Structure formats: C-alpha cells, structure tokens
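Colleague: Please read through the structure below; I'll follow up with questions.
The values are calculated or read from the model by the stated rules, or taken from the named source; none is laboratory data. Only a predicted model underlies this, so the values are computations on that prediction, with no experimental measurement involved. Please note: Cβ atoms are built from the backbone with ideal geometry, for glycine as well, and neighbour counts cover all protein chains shown. Side chains included, ligands, DNA and RNA excluded: accessible areas come from the protein's heavy atoms. Shrake-Rupley method; radii C 1.70, N 1.55, O 1.52, S 1.80 Å.
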Amino acid sequence: NPLITNSEVSFSVHISRCTGPLNLTGFPAVSVPCGCVDNLPVGMQIIGPAFTEGRILNVAHTLEQLHPEFKKTPTATRQIV
C-alpha cells in the first residue's frame, strides 16, 4: 500500500484508486464530506444502482443537511504526500 510505505504512485493510479471500478461499471457515485481525522478531511462515497443518480444525490444532500458539522474546514498545516 503506497500510503503506508510512502512510495511513489503514478497519477493514473492515484486518481482511479477509489473510482476506477465504478467508472468501469457505470454505477453512479458521489462523495460527500463526513468530518475530519487528525484535522484532515474525510469523505464518504455513496454508490447506487445504475440510473439512480437522483437518489444518491438526494442521499448526499440529506446527509449534508443533517450533519452540517461535516463541512468543517480542516486547518491542517502539514504537507500531505
């Protein structure tokens, strides 16, 4: 795991690590903020069956309305590798 070993990761691997399988299947997905860990932002990915974009967007919107604390802006000052 590159995040644990601090090794270099190619750009394409980095951007597709969590979304690659969904890009291949066509399932709709959205990421919403869900707080901070060690003052760094954390996101939650919501995935739905094919053609349910409206449903997952409604779930994401509802979560953001019910938990406004999830939108807290982190104040981390360390560099993220």
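Colleague: Each residue of region 58-66 in turn: what ³J(HN,Hα) in whole Hz from Karplus with 6.51, -1.76, 1.60 and θ = phi - 60°, glycine and Pro shown as x?
Modeller: 5, 5, 4, 4, 4, 4, 5, 6, 6
Colleague: Which residues' amide hydrogens lie under 5 Å from the amide hydrogen of Cys34, considering only partners 5 or more residues apart or on another chain, with H built in the peptide plane?
Modeller: Answer set, sorted by chain and number: Val42, Gly43, Met44.
Colleague: Order the following by accessible area, largest value first: Thr25, Thr73. Probe radius 1.4 Å; ligands, DNA and RNA are ignored.
Modeller: Correct descending sequence by accessible area is Thr73, Thr25.
Colleague: Could you work out the local net charge near Met44, counting Lys and Arg as +1, Asp and Glu as -1, over the other residues with Cβ closer than 14 Å to its Cβ?
Modeller: Charge balance in the 14 Å sphere: -1.
Colleague: Within region 19-52, whose backbone N sits under 19 Å from a point 7 Å along Cα→Cβ of Lys71?
Modeller: Zone members listed by number: 30-37, 40-46.
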